[in-house]
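Report on the structure given below.
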Amino acid sequence: MIDHAALNFAFAKDSSPILPCKALLKDYSEGVKERFSTGQTPTSDLVAERAYLVDEILTRAWKRYFDATSKTALVAVGGYGRGELHPASDIDLMILLDDEKQFESFKELLEQFLTLLWDIGLEVGHSVRTIEDCIREADQDITVMTNLIESRCITGSNQLFMEMLQATGPDHMWNSLDFFEAKWNEQRNRHAKQDCSISNLEPNIKESPGGLRDIQMIGWVAKRHFQIDDLHELVAHNFLTEAEYQTLVQGQDHLWRVRFALHLLTGRHDDRLLFDHQRTLASYLGYDADHANLAVECFMRDYYRTVMELSRLNEMLLQHFQENILFKNELGDPVSINQRFQKRGYFLEVSNDNVFKYNSTALLELFLILQENPDLRGVRASTIRLIRNHTYLIDEKFRQDIRAQSLFMEIMRQPYGITSALRRMNIYGVLAAYIPMFESIVGRMQYDLFHVYTVDEHTLMVIRNLRRLTVRKYADEHPLCTQLMRTLPKEELIYLAALFHDIAKGRGGNHSELGAIDALDFCRLHHLSQYDSHLVSWLVRHHLVMSMTAQRKDITDPEVVQEFAALVGDLNRLTYLYLLTFADSRATNPAAWNSWKDSLLRDLFNATRRALIRGLENPLAQEELIQEKQLAAMQQLQQQHIPEKAIITLWSTFTNEYFLTHSPNAIQRHSKAILDTPKESLPLIKMRQTAKRGGTEVLLYCLDRDNLFAVTTTLLDQLALSIVNARVMSTTDGYSLNSYLVLEQDGNPIEIGHRSDEIIRVLHDGLCQEGDKPLNVSRRIPRKNKHFDTKTHIYFTQEPTLQRTAMRLVTLDRPGLLSDVGQAFASCHIRLQHAKITTLGAQVEDIFFITDRDNQPILDESILECLNNEVVAKMVK
């Protein structure tokens with residue numbers, strides 16, 4: 001596809017090649033787009049073809065300035081040295097000189113040569129070195145050494161190039177062991193920068209675990225040791241099997257196709273699969289949505305599964321290289337464990353290569369042995385290879401085998417190593433083979449900012465969070481959960497529930513319901529009792545209920561607690577469900593988990609526990625609860641010498657809901673602050689850390705006005721604070737008592753001191769300002785959020801017990817959202833009584849409990865329609 005005649009014409013003597021070369025490169029690039037998008041030419045051919053075209057241009061350009069007698073060489077390094085160029089790849093060159101004197105004598109010619117390349121439109125990176133320079137810099141820098149390993153001579157003195165290769169060979173520097181250790185450390189550091197996670201929401205095609213660098217890593221260490229030029233030669237050296245080689249090639253082809261498309265799409269060298277590009281790439285590469293998954297989710301699932309397999313292969317092959325080539329004589333003699341397994345050094349291996357063939361249940365027994373022998377650090381690479389090659393033996397007959405079933409349950413009942421065992425089972429492909437439903441969630445992602453892991457990785461993180469509660473050294477992290485974990489009669493039941501809680505995602509339908517059926521069948525197959533089987537199934541079916549109740553309902557309402565307690569039924573179920581919900585929430589998005597969400601779950605657990613102990617047939621009446629709280633608060637206030645008459649007068653202006661939704665301590669604190677503040681000193685603004693509620697309380701008491709909520713939320717948003725809860729009460733004498741629970745953007749409470757002083761000052765100045773100042777929030781919407789077309793949905797329900805209306809708002813998260821909602825309330829003459837703010841990645845699901853101006857529920861459909869239209873209009877502005 002390269003027009004050699006046009007190339008020759010462009011570099012004809014006595015004419016400038018700049019314009020002809022630019023035209024040639026433009027025509028070629030347009031042709032490549034067509035051939036790639038239609039699938040006419042494999043990506044691997046296009047990558048090699050572009051490198052060949054650049055070779056041809058550079059060779060002709062070089063010969064314009066240097067003749068055959070000048071002992072110099074033009075050398076390709078890096079990816080270009082491997083003969084691989086994507087549309088926006090770097091063109092890395094090394095100009096190799098015979099001696100330092102040539103620096104000066106060729107300086108002008110080199111400048112003219114490089115200027116020509118830039119004028120043509122080739123973005124090149126270059127270095128100018130002698131052989132001595134190469135020796136010195138390669139000896140000091142493993143990256144330079146790696147570039148030289150991959151280098152090739154484009155034109156010029158091949159003899160000089162070969163002398164450089166010999167001078168920097170393993171006989172002189174960076175022998176196989178040193179090179180391997182340096183590159184393995186480099187890989188670990190590279191993975192650490194990517195959070196050591198395959199399922200990064202915006203992965204780097206080159207640098208992330210399982211990316212192109214991991215393929216190159218295998219080639220680098222093997223080439224250095226075996227002195228070969230082609231990966232396939234590793235098969236002859238028994239370093240790779242033919243099947244493993246084909247896996248590498250297929251994985252590389254898939255990643256190359258994604259990277260090639262990304263470069264064409266962006267027009268620049270960027271290897272990050274940003275949200276900005278994922279949907280477009282999915283469409284460009286021909287992905288379609290299915291009955292349960294978006295096209296982008298199908299695209300990313302294929303990406304994650306590819307890099308997962310490449311990461312597994314990378315780890316196994318590097319371990320194989322280390323064990324069998326570098327440390328061949330240092331592993332020691334084998335020590336028998338049983339007839340099937342032995343340990344060599346600190347690693348487990350099979351006693352012979354036919355173990356799995358003649359005893360297939362050993363594929364599970366291996367993981368149990370690792371748990372029972374904590375001194376073992378891992379599995380020999382040769383045994384990992386055998387496991388991978390024998391997973392086909394795990395069929396329906398295997399799953400029905402009582403020996404396999406017993407081994408699996410024994411693994412789940414071990415006091416140590418459950419998380420490690422399940423992670424290894426997933427990595428080696430055993431878990432998906434033994435539980436076929438698990439296969440569908442491997443590599444499955446959800447296109448949002450809330451779920452930051454693939455479903456399989458999230459599942460194992462949930463189990464890891466549960467196991468951490470049993471480790472003594474972490475007991476102080478979450479004391480209540482740690483204490484409750486010790487009371488579980490059978491820990492394996494909660495691990496099974498965690499294993500199955502999301503197993504039906506991506507199938508369509510309600511994944512909780514479908515997963516509950518799968519869990520029940522699995523438990524029965526593994527001979528759990530009827531009670532235990534139904535408990536695991538119940539936990540899977542209801543694993544979302546507790547978090548939804550805590551975040552979407554007012555858990556200070558006795559009826560909400562009573563309804564949830566009736567669903568749970570007993571303390572045993574409550575404990576299991578609370579621990580599963582806690583571990584699940586923390587494993588969904590660790591960055592989004594904070595002390596506020598922790599306190600919500602804990603408060604719901606404690607309230608439900610009290611209701612169950614009291615008895616479902618004996619619910620606590622509202623009037624009784626209010627009296628209990630008032631009596632406790634009154635005793636505290638009188639101890640501070642505050643007159644009872646003043647307290648009763650103040651409380652007579654408060655609503656019943658205020659007393660229902662606040663603790664005696666909060667009632668006492670608010671009352672004292674109000675009674676201590678003269679009316680002429682209002683607005684009253686106080687801040688306080690609330691460890692129990694997991695945030696910082698901002699208390700506001702001032703004259704009531706329609707846009708008070710809108711003004712306050714605007715000011716808090718301008719201060720870059722996250723509002724997670726708001727309680728607003730209009731008193732009967734024209735004042736408003738508002739309590740906001742806020743966090744910094746990173747999820748931490750506000751520091752009392754300079755930061756809290758700043759917040760109080762801004763609130764005071766903003767609330768005291770006369771006139772209607774425009775309510776604007778200048779912060780920009782986060783980049784990632786822009787790529788989600790979350791539709792705005794508003795749902796209204798009536799809550800007759802507390803005489804109010806609930807409005808649930810689902811929309812895209814953005815700065816100024818609550819301010820806009822507050823302005824809509826003011827426009828429709830709505831009073832806000834309570835708000836619960838929940839952010840799920842790029843989406844918010846906020847609950848607002850509202851009334852009319854007379855503090856009555858809103859039953860007039862025209863008012864609700866007005867509010868719906870106002871809010872929707874502000875969401876699309």
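The values are calculated or read from the model by the stated rules, or taken from the named source; none is laboratory data. As the structure is a prediction and not an experimental result, all values here were calculated from the model. Neighbour counts run over all protein chains shown; Cβ positions are idealised from the backbone, glycine included. We work out accessible area using only protein heavy atoms, side chains counted, and drop any ligands, DNA or RNA first. Shrake-Rupley method; radii C 1.70, N 1.55, O 1.52, S 1.80 Å.
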* Residues L117, L160: which one is under 24 Å from I228 (Cα atoms) and open to solvent by less than 20 Å² (accessible area, probe 1.4 Å)? -> L160
* Unique residue being touching a strand residue (DSSP E or B) at 6+ places or on another chain (Cβ under 7 Å) and of a type outside the set (A, V, I, L, M) when the list is T38, T69, T59, T43 -> T59
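Could you go through the range 11-27 and let me know if any residue there is among the small types (G, A, S), part of a helix (DSSP H, G or I) and at pLDDT 95 or above. Before the answer, list the steps.
Applying the first criterion (among the small types (G, A, S)) to the range 11-27 yields 12, 15-16, 23.
Checking the rest, the ones that are also part of a helix (DSSP H, G or I) come to 23.
Narrowing further to those that are at pLDDT 95 or above: none.
Checked against the condition, which is being among the small types (G, A, S), part of a helix (DSSP H, G or I) and at pLDDT 95 or above, the range 11-27 yields no hits at all.
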* Structure fact -> All conditions in (1) in contact (Cβ under 8 Å) with a residue 60 or more places away in the chain; (2) part of a helix (DSSP H, G or I); (3) farther than 30 Å from L317 by Cα are true of L122 except (2)
* Which condition number does F239 fail, the rest of (1) at pLDDT below 90; (2) surrounded by 18 or more Cβ atoms within 10 Å (Cβ to Cβ); (3) part of a helix (DSSP H, G or I); (4) not basic (K, R) being met? -> (3)
* Asked: Is there a residue in the range 648-663 that is within 26 Å of L721 (Cα to Cα), touching a Gly at 6+ places or on another chain (Cβ under 9 Å) and in contact (Cβ under 8 Å) with a residue 12 or more places away in the chain?
  -> no
* Could you look through the range 820-862, keep only residues that are open to solvent by less than 10 Å² (accessible area, probe 1.4 Å), of a type in the set (G, A, S) and out of contact with any strand residue (DSSP E or B) (no Cβ under 7 Å at 6 or more places or on another chain), and pick out the one that is farthest from S739 (Cα to Cα)? => A824
* May I ask you to list the residues in the range 299-346 that are surrounded by fewer than 18 Cβ atoms within 10 Å (Cβ to Cβ), of a type in the set (A, V, I, L, M, F, W, C) and at pLDDT 85 or above? => V335, I337
* **Lone qualifier among T419, T383 - being of a type in the set (S, T, Y) and open to solvent by less than 20 Å² (accessible area, probe 1.4 Å)** => T383
* Within the range 63-86, identify whether any single residue is surrounded by fewer than 15 Cβ atoms within 10 Å (Cβ to Cβ), among the hydrophobic types (A, V, I, L, M, F, W, C) and part of a helix (DSSP H, G or I), and answer yes or no. => no
* To do: State the number of residues belonging to the range 529-553 that are free of Cβ contacts under 8 Å to residues at least 24 places away in the same chain, more than 16 Å from T588 (Cβ to Cβ) and either of a type in the set (D, E, K, R) or open to solvent by 20 Å² or more (accessible area, probe 1.4 Å) (or both).
  => 4
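Working only within the range 342-376, note down all residues that are assigned to a helix (DSSP H, G or I) and of a type in the set (S, T, N, Q).
Q371
Table: residues versus (1) surrounded by fewer than 16 Cβ atoms within 10 Å (Cβ to Cβ); (2) under 38 Å from the mean Cα position of the chain (by Cα).
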site: D676; (1), (2): yes, no
site: L708; (1), (2): no, yes
site: T714; (1), (2): no, yes
site: A726; (1), (2): no, yes
site: G747; (1), (2): no, yes
site: V762; (1), (2): yes, yes
* **the range 243-268 - residue that is open to solvent by 60 Å² or more (accessible area, probe 1.4 Å) and among the small types (G, A, S) and, of those, modelled with the highest pLDDT** => A243
* To do: Would you mind finding the one in Q689, Q639 that is more than 20 Å from N855 (Cβ to Cβ), touching a strand residue (DSSP E or B) at 6+ places or on another chain (Cβ under 8 Å) and surrounded by fewer than 17 Cβ atoms within 10 Å (Cβ to Cβ)?
  => Q689
* Please specify each residue of the range 431-441 satisfying the condition of being touching a helix residue (DSSP H, G or I) at 6+ places or on another chain (Cβ under 6 Å) and open to solvent by less than 10 Å² (accessible area, probe 1.4 Å). => L431, F438, I441
